[in-house]
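What follows is calculated from the coordinates using simple rules that are stated; it is not laboratory data. As the structure is a computational prediction, the values presented were derived from the model and not from experiment. Cβ: placed from backbone, ideal geometry, glycine included. Neighbour counts: every protein chain shown.
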Amino acid sequence: MKQSLTRRNALCFGAATSALTALPALADTTPSSMALPLKDLAAAKGLRFGTAIGMRMLADPRVRELTIRECNIIVPENELKLYVTHNNGPTEYNFKPADELLAFAETNHMAMRGHNLFWARDEYTPKWLKEYKFSSKAEAEKLLRDYIAAVAQHYGERLTSWDVVNETIDPKSGEVRENAFSRVLGMDTLRIAFEAAREHMPKMQLVYNDYMSWEAGNENHRKGVLKLLHWFRDNKVPIDALGVQSHIGNGFDLMAGQVNQWKDFLDEVVSLDLDLLITEFDVDDQTIPTSDIDKRDAIVATVGRLYLDQMFSYTQTKDVLCWGMDDKYSWLQGFTPRKDGLPLRPTPFDADFKPKPLYDAIAAAFKSAPER
Ligand code: 9MR
């Protein structure tokens, strides 16, 4: 059996019925002295730890220092998206920002994963592509394959993992979303993207990445993703892993984690022989109804710990990346503002780059994780 639960986890899960009704208190929510970096605690259990980082953050020496200390894997937050790399028409590419991030990774002995080859949503698709008048299916297929070949030619296997397709499931309906290619190619879009990635980067870990989450309200999203993963398997689409974004709480009640349903979801994913990656972890404290920072931090840490414990109980979970290490640069500050106007505190480090209880929760989750 690949999944194992520690006694502590089993007690937590036992206490939680369908949702996180009775949150166990963390023994100590005071930030630790950061004796060992998270990457070392992760490595001791066969895991890797990292973060998304963008050019804006790279410019800040405090972010660079913290990332080098704590992480052994990074992912560009936006710099490999089509709207950056391929925004100006079918023959023009801009790899400069992502190249800088890769140089940062390589200089500091960190792996870098790619996010993403195809974000299957019109709102993130370059104008030229959205308005492209394909004269045939063959032309659409060629354009998609040529684009993936160009990215692969530029990076080869200096990256080790790619989100080949991102967020193609509509969270409300659970159906596959329409996009620039699918209007011509239908579901073949997804098959072609993975096939081209495999053809040009044979050793690459190929990932489907999405934000179905464990809170109540995500049921259709989870169902839709499972249906898609079955479709991939039935159609022999070359896919290695599910990227579980793990923006927990985001847009949902943070306390509404459905531990049992989440287990069912993960069980079904791994039964398809897929690995799991935590690709974009953060804990959104928008809905925590107190302005008290210590209380908010304690809840964020406690829910984060429960979540990571459950994810780590699957030895198929190998990588954990936060979507930003510090509250200063977190995307959530602009996306889900709190009613009381206070800044959000969703990451392991505060806006002054001091570790928070979530940092300790991540460390503790690594320490109690089974080896893989
Ligand atoms: O954090 C990213 C933000 O800076 C961008 O403006 C936004 C649109 O490109 O994307 C954010 O990252 C998203 C990621 O690419 C996919 N999963 C959800 C992330 C948060 O929205």
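The table below lists the values:
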{"item": "Cα gyration tensor shape for the chain, rounded if a/c is under 1.5, else prolate or oblate", "result": "prolate"}
{"item": "Contour minus Cα-Cα distance for R372 and R177 (0.36 nm per residue)", "result": "66.7 nm"}
{"item": "At R0 = 45 Å, FRET efficiency that the Cβ-Cβ distance of T160 and D340 yields, to 0.05", "result": "0.60"}
{"item": "Mean-position separation - Cα centroids, segment 249-303 and segment 139-208, in angstrom", "result": "27 Å"}
{"item": "Distance in nm between pseudo-label sites at D99 and D170 (7 Å out along the Cβ direction from Cα)", "result": "4.0 nm"}
{"item": "Net charge dipole size for the chain [Lys, Arg +1 and Asp, Glu -1 on Cβ; Debye, nearest 20]", "result": "380 debye"}
{"item": "Relative contact order for the chain, counting Cα pairs under 8 Å that sit 6 or more residues apart, in percent", "result": "20 percent"}
{"item": "Share, in percent, of DSSP beta bridges within the chain that are antiparallel, nearest 5", "result": "10 percent"}
{"item": "Tensor-based shape of segment 238-331 (alpha-carbon gyration tensor, a/c under 1.5 rounded, otherwise prolate or oblate)", "result": "prolate"}
